[in-house]
1. Carbon-plus-sulfur fraction of the accessible area of the chain, 1.4 Å probe, in percent?
2. Put +1 on the Cβ of each Lys and Arg and -1 on the Cβ of each Asp and Glu in the chain; which of Leu201, Leu92, Pro80 then has its Cα farthest toward the positive end of the dipole?
3. Report, in cubic angstrom per residue, the convex hull volume of the C-alpha atoms of the stretch 40-83.
4. When you have a sec, figure out the Kirkwood radius of the stretch 10-93 from all distinct Cα pair distances and drop it here in Å to one decimal?
5. Counting DSSP beta bridges with both partners in the chain, what percentage is antiparallel, nearest 5?
6. Starting from one equal scatterer on each C-alpha and no solvent at all, send me the Debye-based log10 I(q)/I(0) for the stretch 91-156 at q = 0.19 Å⁻¹, two decimals.
7. Would you compute, for the Cα atoms of the stretch 178-247, the largest minus smallest coordinate along each principal axis and list the three values in descending order, in whole Å?
8. Explain nothing, just compute: Karplus ³J(HN,Hα) = 6.51 cos²θ - 1.76 cosθ + 1.60, θ = phi - 60°, for every residue of the stretch 172-186 in order, whole Hz, x for Gly and Pro.
Amino acid sequence: MKLVFAGTPEVAIPALDALIASDRHEVAAVVTRPDAPAGRGRRLVASPVAERAEEAGIEVLKPVKPRDEEFLARLREIAPDCCPVVAYGALLPKVALDVPARGWVNLHFSLLPAWRGAAPVQHSLMAGDEVTGASTFLIEEGLDSGPVYGVLTEEIRPTDTSGDLLTRLAFAGAGLLAATMDGIEDNTLYAVPQPHEGVTLAPKITVEDAQVQWSAPALRVDRVVRGCTPAPGAWTLFRGERLKLIQATPVLDRTDLAPGELSAAKNNVYVGTGSHAVELLWVQPQGKKPMRAADWARGVRIAQGELLGS
């Protein structure tokens, strides 16, 4: 089939590479978000998908909105059979959905209908799920509600961050998306409507969502830290400034600390929660680089009974 691939971040690149490598399909063009300011100089930078497509000599389309007439005219000119999508980042209007004969097919990083929305991996981790996965589905106008072509499952490991899990799903999902394209071309794969039961939503995680509440149980604190790593980054307050929490682990045998109370030994830093303590392993003070929590604690000289949090 002739394909137009839509995607924006790094996580979409394994799927794009899999489709470029396929001897059954032609990636005729890539659709991605417009260049965005980045870095200290705030200069405009192309998306990771745009850079990868340009390396491969593939035409790149960067509409401000996918309903822009110039973009729609070029899409009709290309006349793709199907448009595979991975984390494109913009809602597709019906006028765009109607262009490819076999529709737009999204690779979504959850077991639909669970975790529909922008941050399925983060929400799955923060909810304490033991298993997640990826799904390919036919995009319709509803939010991730279209019929499903295929799924794969992935076990969530006890120390997984959202970055770890998303990386594994991106590579496994690339194969699923390529196989879905093959099945659509062969007319051997048909989309099955999602069940009405089990729908959960996964909106974008905000900076406010990533603030650790020390009154919560230690397992909840652990899930928030892992679910928000690397982005937007779990955080708390220390002496009125933000302290980013990069890695922490529950300590089941310590219950002597009040919620938010710090206890620092030579090589360990503990914080009380609503249940047992957690040990801070890596942190990042405001305006500084990541560091071991024990090194941070020695530098700030934690006082007895000092608290994290507002």
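The values are calculated or read from the model by the stated rules, or taken from the named source; none is laboratory data. Being a predicted model, the structure only gives us computed values, none of them experimental. Glycine gets a Cβ as well: all are built from the backbone with ideal geometry, and neighbour counts include every protein chain shown. The accessibility values were calculated without ligands, DNA or RNA, using every heavy atom of the protein model including side chains. Shrake-Rupley method; radii C 1.70, N 1.55, O 1.52, S 1.80 Å.
1. Answer for the chain is 52 percent, counting heavy atoms of protein chains only.
2. The listed residue farthest towards the positive side: Leu201.
3. Dividing the Cα hull volume of the stretch 40-83 by its residues yields 105 Å³.
4. 13.7
5. Restricted to the chain, the bridges split so that about 70 percent are antiparallel.
6. Values, matching the q order: -0.70.
7. Result for the stretch 178-247: principal-axis Cα extents of 62, 27, 19 Å.
8. 5, x, 4, x, 5, 5, 4, 5, 5, 4, 4, x, 5, 5, 7
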